[in-house]
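Enquirer: Here's a structure for you.
The values are calculated or read from the model by the stated rules, or taken from the named source; none is laboratory data. Computed from a predicted model, the values in this text were never measured in an experiment. Methodologically, a virtual Cβ is constructed for each residue, glycine included, from the backbone with ideal geometry; neighbour enumeration extends over all protein chains shown. Ligands, DNA and RNA are stripped out before the accessible areas are found, and what is left, the full protein with its side chains, is counted by its heavy atoms. Shrake-Rupley method; radii C 1.70, N 1.55, O 1.52, S 1.80 Å.
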Amino acid sequence: MFDEDFDENAQIPEQSLILFGATGDLSKRKLYPALYRLFQKHSLPKTFRLVGVARHGYSNEEFRKFVRSSIETYSREDPDMSSFDEFSKLVYYRGADATKSEEYGELKKLVESIEKDAGMAQNRLFYLAMAPRFFGTVALNLKQSGLTQLKGFKRLVIEKPFGRDYASAQQLNDELCDVFNEDEIFRIDHYLGKEMVQNIEVLRFANSIFEPVWNNRSIANVQITSSETVGVEERASYYERAGALRDMVQNHMLQMVMMIAMEPPSRLKTEAIRDEKVKVLRSLRRFSPKETASHVVLGQYSKGSVDGSEVVGYRQEPNVDSASATETFVAARLFIDNFRWAGVPFYIRTGKRMAVKATEIVIQFKDMPKHLYFNSDGNLSPNRLVIRVNPKEGIYFSLNAKRPGTDETVIPIAMEFSQAPENSPESYERLFYDAMRGDSTFFTRWDEVSLAWKFVDPIIEAYQEQLGVELKFYPAGTSGPEAAHRLLAQDGAHWWPVFGEKSALEQQPEPARAATEVVSS
Ligand code: BG6
């Protein structure tokens with residue numbers, strides 16, 4: 001029933017989308033703009049209906065106005081609303097408390113009558129854009145009400161976080177699997193919907209130059225940074241219980257590690273790809289709580305300045321405990337113990353209230369042998385392949401070349417490709433489209449989720465049990481705590497600045513920069 005059944009070229013089957021949490025933040029900021037874009041691009045199923053479910057007592061008309069204003073307010077570019085009236089005819093609303101089983105009878109009647117009026121098959125995509133603590137209850141209510149007993153297909157889309165440790169994730173999975181099969185569950189990690197994260201696979205497996213060097217013979221280290229300038233925003237109640245390890249590392253950061261480190265799949269098919277990704281997590285060295293302090297740095301932002309504005313420290317943020325120990329920054333040195341990667345550190349770091357907003361992956365190639373002529377002073381820059389995920393999208397490759405007009409001066413030059421992010425579909429657009437087609441390649445499978453927790457849990461334990469992992473503070477607007485720099489310095493490495501940070505090239509004397517600018521495109 002897995003990938004073999006998925007036909008890329010098949011028409012998207014007609015279906016209704018039953019969206020729980022229809023008046024929430026995620027729905028208005030991301031989901032309606034994404035659905036409307038798909039509608040405008042004729043990428044929704046030919047027959048499609050959206051039924052929003054939330055507690056508000058909206059009528060259909062009021063809900064349509066709500067959807068309209070969400071699209072107007074939150075679309076990435078100024079949306080063309082001329083086809084909204086047509087789109088709104090596909091939109092319905094049912095006010096209900098999703099935790100109460102008795103409220104599902106009316107919902108079922110509504111969905112059935114909409115399907116009947118539209119003459120469409122009973123294919124239902126249930127999307128839970130709500131707090132994870134409700135997932136299990138809603139799934140059970142869906143089952144007991146008969147909404148999931150269908151002639152057509154049923155699918156479930158859920159947001160992260162999937163549990164808060166392995167045990168709770170396992171329990172949640174059991175609850176969901178009581179109602180949905182694994183191949184019907186689409187667990188979202190929105191990083192997998194990012195254009196450049198998806199592009200990693202193409203870069204690696206559509207270019208013959210990379211495979212021969214994509215290993216520990218040629219690569220010195222891999223660095224994955226996801227830095228944000230925002231603080232905790234209005235999410236303290238969630239973030240206080242999560243922290244960066246659960247919020248970013250367990251999911252987004254490890255997903256990027258998997259995409260970089262996976263073996264070529266036997267076929268470019270969903271399960272073949274996910275099988276290879278999961279093997280990376282199986283080879284990922286798990287630190288015992290005692291070892292953790294040597295490889296992991298946790299930090300929390302204190303007051304500082306971001307983009308020229310003074311900002312408060314994490315502990316002074318609204319609804320945050322004034323003695324909170326929640327980490328807003330993580331840096332770690334990971335090892336993937338297999339033949340391809342043995343000995344190559346994968347450095348990851350992520351933090352809030354850092355200097356710039358950027359997600360980047362740097363593949364740093366090995367240094368040239370020290371005695372070689374061009375490297376006699378040991379100053380030759382290593383080659384780097386940089387995959388810029390966000391907000392700038394592109395690829396950057398740094399090489400060494402002769403400075404024009406000199407005999408032997410070697411300078412780093414850059415070959416750069418950038419693509420306009422506005423041409424890339426937004427993550428949710430892509431993920432909706434895939435879920436509607438039944439393509440789960442860029443969703444996370446249960447074994448990935450569970451192994452990711454098994455990696456992160458001992459780190460959290462080491463921190464909670466105070467086994468040498470201490471919280472380091474960093475001023476808002478910086479690149480994180482000093483300890484994160486020392487972590488790499490121990491290996492004779494350093495973090496490469498992400499786009500927008502003061503770069504190593506910028507620190508070079510003028511002529512080198514000028515030469516670089518000439519060859520950049
Ligand atoms: C979310 C986290 O999953 O990802 C947020 O919960 C974080 O805390 C966000 O801000 C970052 O996503 P992006 O796409 O802006 O890098």
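Enquirer: What residues qualify as long-range amide H neighbours of Val157, i.e. H under 5 Å apart, gap of 5 or more or another chain, H built at 1.01 Å from N?
Expert: Amide H to amide H, under 5 Å and 5 or more residues apart or across chains, Val157 pairs with Phe126, Tyr127, Leu128, Phe186.
Enquirer: So, one more: Among Ile200, Asn123, Ser27, whose Cα projects farthest towards the positive end of the dipole of the chain, with charges put on the beta-carbon of Lys, Arg (+1) and Asp, Glu (-1)?
Expert: Ile200
Enquirer: Next question. How high is the relative contact order of region 400-469, given as a whole-number percent (alpha carbon pairs under 8 Å, six or more residues apart)?
Expert: It rounds to 12 percent for region 400-469.
Enquirer: Quick one: give the max-minus-min coordinate of the C-alpha atoms of the chain along each principal axis, largest first, in Å.
Expert: For the chain, the Cα extents along the three principal axes come out at 78, 49, 46 Å.
Enquirer: If you filter region 193-260 for GluC sites (Glu not before Pro), then keep DSSP loop positions with at most 13 other Cβ within 10 Å, what is left?
Expert: Filter output for region 193-260: Glu233, Glu234.
Enquirer: What order do His494, His485, His295 take when sorted by accessible area (1.4 Å probe), most exposed first?
Expert: The ordering from most to least exposed comes out as His494, His485, His295.
Enquirer: At 0.36 nm per residue, minus the direct Cα-Cα distance, what do Lys65 and Asp80 gain on full extension? Give it in nm, one decimal, please.
Expert: Extending this stretch completely gives an extra 3.8 nm.
Enquirer: Right, next: Relative to the longest principal Cα axis of the chain, at what angle does helix 104-118 sit, 0 to 90 degrees, rounded to 10?
Expert: With both axes taken from Cα atoms, the answer is about 90 degrees.
Enquirer: Calculated from DSSP H runs of 4 or more alone, at -39500 (n - 2.57) each and per residue, what is the 222 nm mean residue ellipticity of the chain, nearest 500?
Expert: Calculated mean residue ellipticity at 222 nm is -9500 deg cm²/dmol.
Enquirer: Just need the relative contact order of region 36-112 here, percent rounded to a whole number, with Cα pairs under 8 Å and 6+ apart.
Expert: 43 percent
Enquirer: May I pose another question? With a 1.4 Å probe and all protein chains left in place, how much of the accessible area of the chain comes from carbon and sulfur atoms, in whole percent?
Expert: Carbon plus sulfur share of accessible area: 50 percent.
Enquirer: Reachable aspartates and glutamates from Lys370, Cα under 19 Å, same-chain residues fewer than 8 places away excluded?
Expert: Cross-link targets: Glu408, Asp491.
Enquirer: Between their Cα atoms, which of Lys160/Lys502; Lys160/Lys352; Lys108/Lys154; Lys116/Lys151 are more than 23 Å away from each other?
Expert: Pairs exceeding 23 Å: Lys160/Lys502.
Enquirer: Sticking with this one: Which peptide among 356-367, 205-216, 168-179 comes first, and what is the full order, when sorted by highest mean count of other Cβ atoms within 10 Å?
Expert: Sorting 356-367, 205-216, 168-179 by mean packing, highest first, produces 356-367, 168-179, 205-216.
Enquirer: Leaving out ligands and nucleic acids, and using a 1.4 Å probe, what accessible area per residue does the chain come to in Å²?
Expert: The answer is 44 Å² per residue.
Enquirer: Name the lysines eligible as straight-distance cross-link partners of Lys366: C-alpha to C-alpha under 20 Å, and not fewer than 8 places from it in the same chain.
Expert: Lys402
Enquirer: Expressed as an acute angle from 0 to 90° and rounded to the nearest 10, what is the orientation of the C-alpha long axis of helix 446-464 relative to the principal long axis of the chain?
Expert: Tilt of helix 446-464: around 60 degrees.
Enquirer: Now, a different point. From the cross-link list Lys46/Lys100; Lys277/Lys454; Lys30/Lys65, which pairs have alpha carbons spaced over 21 Å apart?
Expert: Lys46/Lys100
Enquirer: Classify region 379-457 as rounded, prolate or oblate from the Cα gyration tensor: take a ≥ b ≥ c as the square roots of its eigenvalues, call it rounded if a/c is under 1.5, otherwise prolate when a/b beats b/c and oblate if not.
Expert: oblate
Enquirer: Next question, about the same structure. Report the Cα centroid-to-centroid distance between region 447-489 and region 313-378 in angstrom, as an integer.
Expert: 11 Å
Enquirer: Moving on. Specify the angular offset, from 0 to 90 degrees and rounded to the nearest 10, of the alpha carbon long axis of helix 510-519 from the longest principal axis of the alpha carbons in the chain.
Expert: Around 50 degrees separate the two axes.
Enquirer: Each residue of region 289-304 in order: what ³J(HN,Hα) in whole Hz does its phi give by Karplus 6.51 cos²θ - 1.76 cosθ + 1.60, θ = phi - 60°, with x for Gly and Pro?
Expert: x, 6, 6, 3, 4, 6, 10, 10, 10, 10, x, 9, 7, 9, 5, x
Enquirer: If you average over every viewing direction, what projected area does the convex hull of the Cα atoms of region 232-352 give, in nm²?
Expert: If you wrap the Cα atoms of region 232-352 in a convex hull and average its projections, you get 9.7 nm².
Enquirer: Also, quick follow-up: Please sort 342-352, 56-66 by packing, taking for each peptide the average over its residues of neighbouring beta carbons within 10 angstrom, highest first.
Expert: Those peptides, ordered most packed to least, come out 342-352, 56-66.
Enquirer: Show me, for region 426-441, the HN-Hα J-couplings you get by feeding each phi into the Karplus relation (A = 6.51, B = -1.76, C = 1.60, θ = phi - 60°), rounded to Hz, glycine and proline as x.
Expert: Each residue of region 426-441 in turn: 6, 3, 5, 5, 5, 6, 4, 4, 5, 5, 5, 7, x, 9, 9, 3 Hz.
Enquirer: Let me ask another. Could you put Asp189, Asp447, Asp377 in order of accessible surface area, largest first, with the 1.4 Å probe and the full protein assembly present?
Expert: If we order Asp189, Asp447, Asp377 from most to least accessible, we get Asp377, Asp447, Asp189.
Enquirer: Between Arg241 and Phe210, what length comes free when the chain is fully extended (0.36 nm per residue of separation minus the Cα-Cα distance, one decimal in nm)?
Expert: 7.1 nm
Enquirer: While we're here: Run the simple label-point estimate for Thr409 and Asp117 please: 7 Å along Cα→C-beta, distance reported in nm.
Expert: Inter-label distance under the simple model: 7.5 nm.
Enquirer: If amide hydrogens are placed 1.01 Å from N in the peptide plane, which non-local residues have theirs closer than 5 Å to the one on Asn400?
Expert: Ile413
Enquirer: Take each of the peptides 22-28, 306-312, 417-423, average the number of other beta-carbon atoms within 10 Å over its residues, and list them starting from the highest.
Expert: Most protected by this proxy first, the peptides run 22-28, 306-312, 417-423.
Enquirer: Taking the alpha carbon gyration tensor of region 343-383, what are the square roots of 5 times its eigenvalues, largest first, to the nearest whole Å?
Expert: For region 343-383, the ellipsoid semi-axes come out as 30, 13, 8 Å.
Enquirer: With a cut-off of 8 Å between alpha carbons and a minimum separation of six or more residues, what is the relative contact order of the chain in percent?
Expert: 17 percent
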